[in-house]
Amino acid sequence: MSEPLRRTPLYAAHVAAGARMVPFGGWEMPVQYAGILEEHRTVRRAVGLFDVSHMGEFEVTGARAVATLQTLTTNDVAALEVGQVQYSLLCDPAGGIVDDLTVYRLGGDRFMLTVNASNIDTDWRWVTEHGESGALWRNISSETALLAVQGPRAEALVAELADADVKSLRYYHFAAGAVAGARTLLSRTGYTGEDGFELYVAAGEAERLWREFLDRGRAAGVAPVGLGARDTLRLEMRDVLYGNDIDGTTNPLEAGLGWVVKPAKGDFIGRDAIEKVRAAGVRRKLVGFEMVDRAVPRHGYRILADGRPVGVVTSGSYGPSIDKYIGIGYVETALAGVGSELAIEVRGVPQAARVVKTPFHPSHVKQR
Amino acid sequence: MANVPAELRYTREHEWAKAEGGRVRVGITAYAQEQLGDVVFVELPKTGAKLTHMQGFGVVESVKAVSDLFAPLDGAVAEVNEALRQAPELVNQDPYGKGWMIVITPSQPAQLDTLMTAKEYEAFVAGGGH
């Protein structure tokens, strides 16, 4: 028997809003409300509200917190200032990716890690078993709700409801404040390619905050957005999704995540294996491609070149903002250059595709 | 309950079939397009292709799902809705009208009577639709 699906504090609100609920990574989540394409466009043109409370949060504190994070994660935590967020990875000794995550420096020796929903249990075991002793870990996933407010009108909407100085908050930075009276960690981050915020609040405040945003954002055109559009939005950015594009069998370098691997900081789990790959050169690379022939690439489809299998599609769909069928996948390094001509095997038929520059759609995050 | 026009016949795979003189027009039902969500791709056979009752004749894809299309009866493809190539969203917007898929010249016209009536299809969908 599989375990029953978990629900976020907003489950009832989703059902009442007519959301289609689906299983995702052990959770029962809204895949769509009005429709994936419409929700996608709402985020690109106005502002969308996402419930991502299924994501996990761990807190780590103590004099050994920095040391243990340096051992566990690939990025350099010492370079992270208080109030800053860092994208990073947990790797295993073979260099495979255990999870991708964001690290928040709450204080000198106080951090929060945000991990993927499907990996909460695995990651919890991983960090508590492989971390250095002397750091105190707390799994705050179930008491923490997470709302994402994303889109060109997100800043104005969040500013209206927050007491913090939202406008001067830079990308990948966060501030503590109150939003609609609820204690909130406001983070200028997201997974859509639009400007926006991720708001961490106590689980008990989630539903009130959710309604407040829908209510106060009406004039701005706010709408709830499900996981379906979250996926097409991140795909257009070529942002990877754990379990689809990266996992224990992929290493950070082939996934294009070498920029969050910092061997110069000292030892960390997976460092030797990753550096060996770096020295030898990667065998394959994750590339973005668009279809030349009319066909939709999907996760698991084979990638061919001259009739020979050369890789596999890890994510693919229709890109609503660019009106093209697009995908990402691993191909042999020699075939990874922009312009490289490939074929995607769709129901047994090779369909022409071409490696393109990514992101597929220009990013509008506040890069200041 | 999604719209189920009384004058059409239906398959267990959620295609509708409409007698038009000696030919039969085919599409997917309002219920089917609702279940699929936004349709972004439709693959249809060429004119003249042979069809076999309840064998696949094409594919409809939404953002999240890939779904086969089944021929409601034996015959040959007389017409294909070329508009769906550029505008697959017509399947969502007007499943019984502009969102039609193919027209069949049936080789066994009597097969049409073996398909579900609107009443039977409504009951089938109410019972879960599979």
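Rule-based calculations on the coordinates, nothing more; no lab input. Small disclaimer: the values here were computed from a predicted structure and weren't measured. Glycine gets a Cβ as well: all are built from the backbone with ideal geometry, and neighbour counts include every protein chain shown.
Overview of results
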item	result
Semi-axis lengths (Å, descending) of the ellipsoid that matches the C-alpha gyration tensor of the protein assembly as shown	45, 28, 19
18 Å Cα-Cα reach of B:K64 towards lysines, excluding residues that sit fewer than 8 places from it in its own chain	A:K324
Fraction of alpha-carbon pairs over 15 Å apart in the stretch A:236-275 - percent	44
Kirkwood hydrodynamic radius (C-alpha pairs) into Stokes-Einstein, the stretch A:56-139, 25 °C and 0.890 mPa s, D in µm²/s	198
Diffusion constant of chain B at 4 °C, which comes from Stokes-Einstein with the Kirkwood Cα-pair radius and 1.567 mPa s, µm²/s	90
Fluctuation leader among B:D113, B:D94, B:D38 - chain B, Gaussian network, Cα springs under 10 angstrom	B:D113
Exposure proxy ranking, count of Cβ atoms within 10 Å, fewest first, for A:I140, A:I328	A:I140, A:I328
Ellipsoid equivalent to the stretch B:1-57 - semi-axes via the Cα gyration tensor, in Å	20, 17, 10
Fewest-first sequence of A:D245, A:D165, A:D323, A:D195 by Cβ atoms within 10 Å of each Cβ	A:D323, A:D165, A:D195, A:D245
